[in-house]
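Data first, discussion second: the structure below is written as structure tokens.
The values are calculated or read from the model by the stated rules, or taken from the named source; none is laboratory data. The structure presented is a predicted model; accordingly, all values stated were derived computationally and were not measured. Methodologically, a virtual Cβ is constructed for each residue, glycine included, from the backbone with ideal geometry; neighbour enumeration extends over all protein chains shown. Accessible surface areas use protein heavy atoms only, side chains included; no ligands, DNA or RNA. Shrake-Rupley method; radii C 1.70, N 1.55, O 1.52, S 1.80 Å.
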Amino acid sequence: MFLAIDVGNTDIVFGVHPGSGWRCQFRIPTHYSTRSADYEVRVRTLFLENDLKISDITRVGISSVVPGETGLIRSLVTELFQLEPFVVGPDLYPLLGLGIASPREIGTDLVCNAVYAWETYQQNSVVVDFGTALTFTVVSEARIVGVNIVPGIKTALRSLFANTAQLPEVPLEMPASAIGKNTVHAIQAGILWGYVGLVKEQLFQIQKEVGPCKVLATGGLSSVLKPLHELFEEVDINLTLNGLKIIGDKL
């Protein structure tokens, strides 16, 4: 089985792939501990809860956008699974068949997204990743043309709550109306309908420059903005893991 580990700013996502789809995924908060031993205990527990054996894992791939966690997770893999993982980074990029203009600047999760988009569609694509940051990764002619980065929805909400005295935290539920009738509704309408407009305009401007694109969505909040779903070729929370699996198959 292949184990994909996606280290993000909020969570570390683990996905187990037996060869035909993802059997299970689980999350541990990023910065869960400063000791690999603590991660080991947590992962062992999650494997038991999901009826998995440590010995079932035969290969491990890591994508990390949190440099301080990368070594810790790599140690976890070598100690727990007795395997040397591959870590997505500039040294591997020449093997991916995907041109990357700024290899030491781009997030490895975005590279995984781009690899999946190009390998799947072989045409102009935009991957919209609804994570801690909202990112738009543009792929054309087997190269990453560029990336747009916007504060993510939860990041924007946290900023709003942190800088206002009387606004409550609200659930991320798409309101039917763009006109708020109470404080909670007003925040939902402003943030969520505002992000609908933001995404539509970003996609319009991108396609004005590169032409028609397949548009894919991923990230934990990709299901929230339902009015956008008609624009997406697919919405898949596992898209980054899929890209990581494709990279592993190329190596």
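The table that follows gives values for the structure above.
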{"quantity": "For Gln25: the one exception among (1) part of a strand (DSSP E or B); (2) surrounded by fewer than 18 Cβ atoms within 10 Å (Cβ to Cβ); (3) without any contact (Cβ under 8 Å) to a residue 40 or more places away in the chain", "calculated": "(3)"}
{"quantity": "Selection from the stretch 79-123 of residues that are modelled with pLDDT under 95 and β-branched (Val, Ile, Thr)", "calculated": "Ile100, Ile106"}
{"quantity": "Among residues of the stretch 104-130, those that are free of Cβ contacts under 8 Å to residues at least 24 places away in the same chain and within 10 Å of the chain's Cα centre (by Cα), counted", "calculated": "0"}
{"quantity": "The stretch 44-85, residues that are over 18 Å from the mean Cα position of the chain (by Cα) and outside any helix (DSSP H, G or I)", "calculated": "Asn50, Asp51, Leu52, Lys53, Ile57, Thr58, Arg59, Phe81, Gln82, Leu83, Glu84, Pro85"}
{"quantity": "Cross-chain or 6+ apart pairs with Cβ under 6 Å, the stretch 81-101 first and closer than 20 Å to Pro67 by Cα, then open to solvent by 40 Å² or more (accessible area, probe 1.4 Å)", "calculated": "Phe86/Leu251; Pro90/Pro103; Pro90/Arg104; Tyr93/Pro103"}
{"quantity": "Residues located in the stretch 86-113, provided they are assigned to a loop (DSSP other than H, G, I, E, B) and under 17 Å from Ile247 (Cα atoms)", "calculated": "Val88, Gly89, Pro90, Asp91, Leu92, Leu96, Gly97, Leu98, Pro103, Ile106, Gly107"}
{"quantity": "The stretch 38-67, subset of a type in the set (Gly, Ala, Ser) and touching a residue at least 12 places away in the same chain (Cβ under 8 Å), residue surrounded by the fewest Cβ atoms within 10 Å (Cβ to Cβ)", "calculated": "Ser64"}
{"quantity": "Unique residue being within 30 Å of Phe2 (Cβ to Cβ), touching a residue at least 24 places away in the same chain (Cβ under 8 Å), surrounded by fewer than 17 Cβ atoms within 10 Å (Cβ to Cβ) and touching a helix residue (DSSP H, G or I) at 6+ places or on another chain (Cβ under 9 Å) when the list is Lys250, Lys214, Lys200", "calculated": "Lys250"}
{"quantity": "Candidates Tyr116, Tyr195 - the one that is over 14 Å from Leu225 (Cβ atoms), hydroxyl-bearing (Ser, Thr, Tyr), open to solvent by less than 50 Å² (accessible area, probe 1.4 Å) and assigned to a helix (DSSP H, G or I)", "calculated": "Tyr116"}
{"quantity": "Conditions (1) in contact (Cβ under 8 Å) with a residue 60 or more places away in the chain; (2) among the β-branched types (Val, Ile, Thr); (3) part of a helix (DSSP H, G or I): number failed by Val13", "calculated": "(3)"}
{"quantity": "Test: residue in the stretch 7-15 that is open to solvent by 70 Å² or more (accessible area, probe 1.4 Å) and aromatic (Phe, Trp, Tyr)", "calculated": "no"}
{"quantity": "Those residues of the stretch 131-174 which are open to solvent by less than 20 Å² (accessible area, probe 1.4 Å), modelled with pLDDT of 90 or more and either out of contact with any strand residue (DSSP E or B) (no Cβ under 9 Å at 6 or more places or on another chain) or not β-branched (Val, Ile, Thr) (or both), in sequence order", "calculated": "Leu134, Phe136, Ser140, Gly152"}
{"quantity": "Residue count for the stretch 37-64, restricted to those that are within 30 Å of Pro103 (Cα to Cα) and at pLDDT 95 or above", "calculated": "8"}
